[in-house]
Amino acid sequence: MEMAKTYNPSEFEKEIYEDWEKQGCFKAKVDAEKLPFTIVIPPPNITGQLHMGHALDETLQDTLIRFKRMQGYSALWLPGTDHASIATEVKIVEQMAKEGLTKKDVGRDGFLERAWAWKEKYGGRIIEQLKLLGSSCDWSRLSFTMDERCSRAVKEVFVNLYDKGLIYRGDRIINWCPDCKTALSDAEVEYVEEDSHLWYIRYQIKDTDDYITVATSRPETMFGDTAVAVNPKDKRYKGLEGKTLILPIVNKEIPIVYDDYVELEFGTGAVKITPAHDPNDFEVGLRHNLPVVKVLNDDGTMNDNAGHYSGMKALECREKVVEELKEIGAFVKIEPLHHNVGHCYRCHHTVEPIVSKQWFVKMEPLAKPAIDAVRKKSVKFTPERFSKIYFNWMENVKDWCISRQLWWGHRIPAYYCEDCGEMTISKEDVKVCPKCGGTHIKQDEDVLDTWFSSALWPFSTLGYPEITEDLKYFYPTDVLVTGYDIIFFWVARMIFSGIEHMQRIPFKNVLIHGLVRDSQGRKMSKSLGNGIDPTEIIAKYGADTLRFSLINGVAAGSDMRFSDEKLEGARNFMNKIWNASRFVLLNAEGKKILPIKDVKLTVADKWIITRLNKTVKDVTINMEKYEMGVALANLYDFVWSDFCDWYIEFTKPVLYGEDEVKTTETVSVLIYVLDKIIKLLHPFLPFITEQIYKNMPETNGFLMLSEFPKYETKQNYSVAVSEIETVKEIIKTVRNVKAKTGAAPSKKITLYVSTEKQSAIKAGISYIKKLAGVSEVKFIKDKSELTEKIISQVIDKAELYIPLGELVDFDKEIERIKKELENVENEIARASGKLANKGFLDKAPKALVEQERLKYDKFIDMREKLNKQLKDLT
RNA sequence: GGAGACGUAGCUCAGUCGGUUAGAGCGCUCGCUUCACAUGCGAGAGGUCUAGGGUUCGAGUCCCUACGCCUCCACCA
């Protein structure tokens with residue numbers, strides 16, 4: 001096979017993925033000989049389309065799992081999707097609306113039928129998109145939060161928690177979305193700052209002409225007022241104990257109560273208490289045994305308790321009530337108010353606090369061990385700072401409202417006997433009442449919060465509640481990769497669920513990444529229309545380019561800006577890899593490749609092998625720390641700068657020369673290094689590397705199943721490395737002089753060198769000639785041996801003299817030397833200052849002091865030479 | 001109100017345990033049709049590391065204060 005002249009990913013990505021899948025490369029086996037390494041995917045919603053957030057999340061996971069797989073672990077990346085209760089239900093309702101149908105029209109069974117059909121049709125879409133990215137998920141284990149296995153786990157957990165008294169049902173104030181018509185958990189409410197008003201209304205004290213003025217932001221809820229509260233310390237309201245107020249408009253009598261909750265400074269210091277529609281008022285109501293009067297319907301309209309406002313929308317009612325209060329003289333004043341208003345995280349409709357009967361998980365006993373697990377580092381967050389956010393939430397967590405008034409989801413396994421009223425909680429369907437034997441049984445209408453099932457994901461997907469081989473081998477999982485926006489919804493709940501039901505943490509590490517923003521730093525959103533479709537990028541640039549641009553140089557946990565420039569940079573790197581590989585493979589054609597140990601290594605060979613070894617080490621260490629951005633940046637630098645810009649250039653004099661033996665040896669080293677490069681790059685860039693691997697001589701099987709390079713600890717080529725560094729410096733210096741003086745780069749010059757270390761330069765003489773455009777290198781003792789006009793350059797350990805004839809501008813040269821001298825003087829001052837400092841000599845590490853001494857000597861030497869040069873010129 | 005980040009080149013960002021002459025990519029300037037690659041090669045310019053104080057032999061890095069910008073949590077009607 002021959003490599004195509006240009007990098008064209010669309011020609012091979014699909015085929016390679018199919019091959020991997022066909023050959024079972026993604027399948028993880030329970031293998032006692034190997035250590036397991038497990039990642040469960042954060043299950044994307046079945047309603048979802050792949051977006052950049054997914055692309056980042058999946059790329060990180062795929063990179064890790066491929067790395068571990070190549071390191072010899074039995075690596076399982078377990079994929080699946082989430083039924084996304086609210087999000088999906090909203091879509092089905094929308095779809096039905098187009099046909100003029102409502103949920104009521106089709107009924108529960110009819111609705112679920114449609115939902116399942118919808119899931120069959122669209123649920124797999126995102127899976128196909130994940131494949132385009134190159135995700136090496138074990139598709140044979142594909143799960144779904146509502147499949148049989150996960151549903152069984154949900155029932156098991158519900159019953160367990162209920163039996164332990166950790167699930168209860170009761171009338172509590174919850175967040176109600178009037179649009180979705182369901183309860184929401186606290187985490188599902190987003191607060192948005194809004195401008196509103198504070199209305200001051202006076203309530204008459206019964207049998208007097210006195211009034212108490214209350215301040216409220218929601219006048220329409222006054223019909224639900226069952227008291228007015230004041231602070232017991234408030235002197236303004238002394239002696240009102242036991243007095244009764246007349247609620248305006250409805251003329252209902254309500255008591256005055258004293259409660260610490262009331263702030264003295266805010267408003268008038270008197271608060272109307274509406275237990276049914278405010279969480280704080282609800283608490284006050286409990287403390288003072290106040291009745292709970294609801295005034296809102298589930299759709300956000302006023303109910304019959306609002307008298308003649310019944311049926312009106314809350315906001316409309318607000319205006320009308322204020323008007324009426326004005327008419328009857330109960331209105332005092334209005335003030336602007338800036339406050340936060342809760343909105344539904346799915347439909348963004350304003351959320352109403354409403355009292356209703358819901359199911360709750362008691363959080364305190366569950367949160368405690370989950371906090372300990374993170375505190376004791378059984379679960380580690382990367383970056384570490386996110387554990388603080390976790391603690392902050394967990395330590396103040398309230399009971400979790402888990403019932404939703406929806407149909408798409410896990411129906412709550414509570415059964416009510418219509419004959420005797422008995423409630424039975426059961427994993428199995430209940431047909432006969434265990435108490436009275438009655439057969440009129442009705443299951444609870446509500447379903448569970450989506451996050452209730454996702455909380456079980458790390459073990460429900462592995463077989464729980466059955467203790468399967470998979471569960472024993474792959475649990476606990478190793479790392480969970482997700483965005484910081486989902487720590488409360490999901491990460492926290494998985495941690496306490498794993499501890500509670502498996503008696504073990506669900507994962508050892510949590511790798512948190514940031515958001516992918518647009519080039520201006522804005523969140524990508526539908527409303528802004530600034531979203532980028534990853535599949536379009538893959539179609540245009542290929543998956544590897546996308547993966548590279550998402551990972552390279554990005555620090556864990558921080559947001560990133562995504563831009564065309566970034567993509568182009570990534571694409572250019574793919575092109576670089578492609579062409580460097582082509583160069584190596586074209587030169588290797590027909591050559592016998594020697595094992596590296598049979599090659600007589602040149603200094604350049606030793607240098608690149610040393611650099612390679614260092615890169616293997618850096619990449620490995622950074623991968624272990626989940627610093628994928630740093631690891632990939634290391635590789636980028638090594639491949640482009642060291643391998644392409646220097647080493648490949650070093651090989652050219654040999655490859656284009658006559659020496660057959662040397663050519664064979666050089667090609668062998670090139671192949672050796674390229675082989676390591678594509679292995680190192682493979683976790684990040686699976687397609688291009690696999691494609692190159694296909695073209696490598698003497699390979700079989702897949703690159704993705706090959707072994708990840710290991711680094712040597714004993715290797716010592718320090719002499720060669722320092723020689724090559726000197727050679728590089730000489731080449732750069734000559735190039736610099738040519739550029740500065742305007743000499744054509746192609747103009748061959750004779751290079752005179754004065755040095756005590758000729759061996760270094762002799763070893764690299766062919767490189768200097770080729771890469772610096774030098775015809776001859778001559779060693780001299782002193783500049784005085786030269787009669788031509790020259791430019792001299794001081795480098796570490798040597799002085800270079802470059803004759804350029806009439807081209808030399810001596811004034812500029814003097815200026816340059818002066819500047820250089822200034823630089824060196826600064827360094828000498830810095831170094832000598834350090835070395836004169838007793839504290840530094842005493843306390844700094846010895847190696848560092850020694851290093852500083854060497855530097856000092858070097859700069860002194862340079863100063864001497866520069867001064868001499870300056871003298872020669874003036 | 002509570003918490004957490006961030007502030008480094010024109011732009012986007014790295015900078016690991018406190019120790020290098022503070023780095024990269026893009027952009028910019030100059031030069032190059034060098035036989036893998038112009039999606040390239042070579043050479044450059046560009047920095048008071050937001051400001052001030054402290055700890056230290058030594059601070060871009062640790063601590064404090066201020067300013068600027070961002071995010072999360074809480075939710076006083």
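Calculate the FRET efficiency for A:E11 and A:D659 from the Cβ-Cβ distance with a Förster distance of 35 Å, rounded to the nearest 0.05. Intermediate values should be presented prior to the final figure.
Numbers: r = 37 Å, r/R0 = 1.06.
E between A:E11 and A:D659, to the nearest 0.05, is 0.40.
Using only protein heavy atoms and a 1.4 Å probe, report how much of A:R504 is accessible, in Å² to the nearest 10.
Result for A:R504: roughly 130 Å² accessible.
Are there any GluC sites (Glu not before Pro) in region A:749-824 that are in a DSSP loop and have at most 15 other Cβ atoms within 10 Å? List them by number.
Details: sites: A:E756, A:E776, A:E785, A:E788, A:E799, A:E806, A:E813, A:E815, A:E820, A:E822; in loops: A:E756, A:E788.
Listed in order of number, the matching sites are A:E756, A:E788.
Give me the percent of accessible area attributable to carbon and sulfur for chain A, probe 1.4 angstrom.
Ligands and nucleic acids excluded, carbon and sulfur reach 48 percent.
Going down the table (A:K206/A:K272; A:K591/A:K652; A:K119/A:K540), which pairs top 24 Å between alpha carbons? Before the final figure, lay out the partial values.
Working: A:K206/A:K272 16 Å; A:K591/A:K652 16 Å; A:K119/A:K540 29 Å.
Those over the limit are A:K119/A:K540.
What is the helix-to-structure angle for A:718-741, meaning the angle in degrees between its Cα long axis and the longest Cα principal axis of chain A, kept from 0 to 90 and rounded to the nearest 10?
90 degrees
Any idea what log10 I(q)/I(0) is at q = 0.17, 0.19 Å⁻¹ for region A:788-841, Debye with uniform C-alpha scatterers and no solvent?
For region A:788-841 at q = 0.17, 0.19 Å⁻¹, log10 I(q)/I(0) is -0.67, -0.75.
I'd like the FRET efficiency for A:D645 and A:L142, computed as 1/(1 + (r/R0)^6) with the beta carbon distance as r and R0 of 51 Å, rounded to 0.05. Write out the running numbers ahead of the final one.
Working: r = 45 Å, r/R0 = 0.88.
For A:D645 and A:L142, the calculated efficiency is 0.70.
Starting from the residue with the highest accessible area, list A:E193, A:E665, A:E698 in decreasing order, probe 1.4 Å. Don't skip to the end; give the middle numbers.
On the way: A:E193 120, A:E665 30, A:E698 160 Å².
Listed by decreasing accessible area, they come as A:E698, A:E193, A:E665.
For region A:509-582, what mean projected area does the convex hull of the alpha carbons give, in nm²?
Numbers: hull surface 24.8 nm².
The directionally averaged projection comes out at 6.2 nm².
When the solvent-accessible surface of protein heavy atoms is calculated with a 1.4 angstrom probe, in what order do A:D796, A:D444, A:D207 fall, highest first? List each step's numbers first, then the result.
Working: A:D796 50, A:D444 10, A:D207 140 Å².
Reading off the accessible areas and sorting them downward yields A:D207, A:D796, A:D444.
Shape of region A:223-290 from its Cα gyration tensor (a ≥ b ≥ c, root eigenvalues): rounded if a/c is under 1.5, otherwise prolate when a/b > b/c, or oblate?
Details: a/c = 1.59, a/b = 1.18, b/c = 1.34.
Since a/c reaches 1.5 but b/c is at least a/b, the shape of region A:223-290 is classed as oblate.
Skipping prolines and chain starts, which residues have an amide H placed within reach, meaning under 5 Å, of the one on A:Q71, given they are 5 or more residues away or on another chain?
Answer set, sorted by chain and number: A:F708.
Could you pull the Rg and Dmax for region A:750-874, using just the Cα atoms, both in Å?
When restricted to the Cα atoms of region A:750-874, Rg and Dmax are 17.3, 54 Å.
For region A:153-213, treating each Cα as an identical point scatterer without solvent, what Debye log10 I(q)/I(0) comes out at q = 0.21 1/Å?
Evaluating at q = 0.21 Å⁻¹ gives log10 I(q)/I(0) of -1.01.
Heavy atoms of the protein only, probe of 1.4 Å, neighbouring chains included. What is the accessible area of A:W607 in Å², nearest 10?
0 Å²
Take the Cβ-Cβ distance between A:R504 and A:L786 as r, set R0 to 56 Å, and report the resulting FRET efficiency rounded to the nearest 0.05. Mind dumping the intermediate values first?
On the way: r = 78 Å, r/R0 = 1.39.
In this case the efficiency is close to 0.10.
What fraction of the DSSP beta bridges in chain A is antiparallel, stated in percent and rounded to the nearest 5?
Bridges in chain A that DSSP calls antiparallel: roughly 70 percent.
With every protein chain left in place and a probe of 1.4 Å, what is the accessible surface of A:T439, to the nearest 10 Å²?
Here the accessible area works out near 90 Å².
From Cα coordinates alone, what are the radius of gyration and Dmax values for chain A in angstrom?
Considering chain A through its Cα atoms, Rg and Dmax are 37.0, 120 Å.
Expressed in whole Å with the largest first, what are the equivalent ellipsoid semi-axes of region A:330-410 derived from the C-alpha gyration tensor as the square root of 5 times each eigenvalue? Walk me through the numbers on the way to the answer.
Details: eigenvalues 226, 89, 39 Å².
Semi-axes, largest first: 34, 21, 14 Å.
In terms of solvent-accessible area of protein heavy atoms at a 1.4 angstrom probe, what is the ranking of A:Y261, A:Y464, highest value first?
Details: A:Y261 80, A:Y464 15 Å².
So, going from the largest accessible area down, we get A:Y261, A:Y464.
Can you give the helix-only mean residue ellipticity at 222 nm for chain A, where every DSSP H stretch with n ≥ 4 adds -39500 (n - 2.57) and the sum goes over all residues, rounded to the nearest 500 deg cm²/dmol?
-13000 deg cm²/dmol
Among A:T213, A:V721, A:L703, which residue has its Cα furthest toward the positive end of the charge dipole of chain A, with +1 on Lys/Arg Cβ and -1 on Asp/Glu Cβ?
A:V721
Accessible area per residue, 1.4 Å probe, Å², for chain A: what's the number? Write down the numbers at each step before the final one.
Working: 40480 Å² over 874 residues.
On a per-residue basis, 46 Å².
Hey, what D do you get for region A:98-232 in µm²/s if you plug the Kirkwood alpha-carbon radius into Stokes-Einstein at 10 °C and 1.306 mPa s?
So the translational diffusion coefficient is about 73 µm²/s.
As an exercise, identify the GluC sites (Glu not before Pro) in region A:1-68 lying in DSSP coil whose Cβ has no more than 15 other Cβ atoms within 10 Å.
Working: sites: A:E2, A:E11, A:E13, A:E15, A:E18, A:E21, A:E33, A:E58; in loops: A:E2, A:E33.
Passing both the DSSP loop test and the Cβ count: A:E2, A:E33.
How much length, in nm to one decimal, is gained on full extension between A:K757 and A:D598, taken as 0.36 nm per residue of separation minus their Cα-Cα distance?
On the way: separation 159, 0.36 × 159 = 57.24 nm, distance 2.93 nm.
Result for the pair: 54.3 nm of gain on full extension.
May I ask you to compute the full-extension gain from A:K362 to A:F779, defined as 0.36 nm times their residue separation minus their alpha-carbon distance, rounded to one decimal in nm? Provide the component values of the computation, followed by the final result.
Numbers: separation 417, 0.36 × 417 = 150.12 nm, distance 8.44 nm.
Extra length available between A:K362 and A:F779 comes to 141.7 nm.
Treating only the Cβ atoms of Lys and Arg (+1) and Asp and Glu (-1) as charged, compute the dipole magnitude of chain A about its Cα centre; round to the nearest 20 debye. Could you put the intermediate results ahead of the total?
Details: 124 positive and 132 negative charges, 619 e Å.
It comes to approximately 2980 debye.
Go through region A:90-147 and name the GluC sites (Glu not before Pro) that are in a DSSP coil and have 14 or fewer other Cβ atoms within 10 Å of their Cβ.
Numbers: sites: A:E94, A:E99, A:E113, A:E120, A:E128; in loops: A:E99.
Sparse-neighbourhood loop GluC sites (Glu not before Pro): A:E99.
For region A:41-91, what value does the Rg/Rh ratio take when both radii are computed over Cα atoms and Rh is the Kirkwood radius, given to two decimals?
1.11
Return the Rg/Rh ratio of region A:277-372 with Cα-based radii and a Kirkwood Rh.
Expressed as Rg/Rh, it is 1.07.
Please work out how much length the chain gains when fully extended from A:K526 to A:D299, using 0.36 nm per residue of separation minus the C-alpha to C-alpha distance, in nm with one decimal. List each step's numbers first, then the result.
On the way: separation 227, 0.36 × 227 = 81.72 nm, distance 2.63 nm.
79.1 nm is the gain from fully extending A:K526 to A:D299.
Of A:K472/A:K714; A:K679/A:K714; A:K732/A:K819, which pairs sit farther than 28 Å apart, going by alpha carbon to alpha carbon?
Values: A:K472/A:K714 39 Å; A:K679/A:K714 22 Å; A:K732/A:K819 19 Å.
As for pairs spanning more than 28 Å Cα to Cα, those are A:K472/A:K714.
Write down Rg/Rh for region A:1-120, rounded to two decimals, with Rg from the C-alpha atoms and Rh from the Kirkwood relation over Cα pairs.
Working: Rg = 20.6 Å, Rh = 18.1 Å.
Ratio of gyration radius to Kirkwood radius: 1.14.
Determine by what factor the alpha-carbon radius of gyration of region A:410-545 differs from 2.2 N^0.38 Å, reporting the quotient. Don't skip to the answer; put the middle values down first.
Numbers: Rg = 22.0 Å, N = 136, 2.2 N^0.38 = 14.2 Å.
It is 1.55.
Give me the Å³ per residue figure for the convex hull around the C-alpha atoms of region A:594-732. Write down the numbers at each step before the final one.
Values: hull volume 17.1 nm³, N = 139.
Residue-normalised Cα hull volume stands at 123 Å³.
The values are calculated or read from the model by the stated rules, or taken from the named source; none is laboratory data. As the structure is a prediction and not an experimental result, all values here were calculated from the model. Ideal geometry is used to build each Cβ from the backbone, glycine not excepted, and the neighbour counts take in all protein chains shown. Surface accessibility is based on the protein's heavy atoms, side chains included, excluding ligands, DNA and RNA. Shrake-Rupley method; radii C 1.70, N 1.55, O 1.52, S 1.80 Å.
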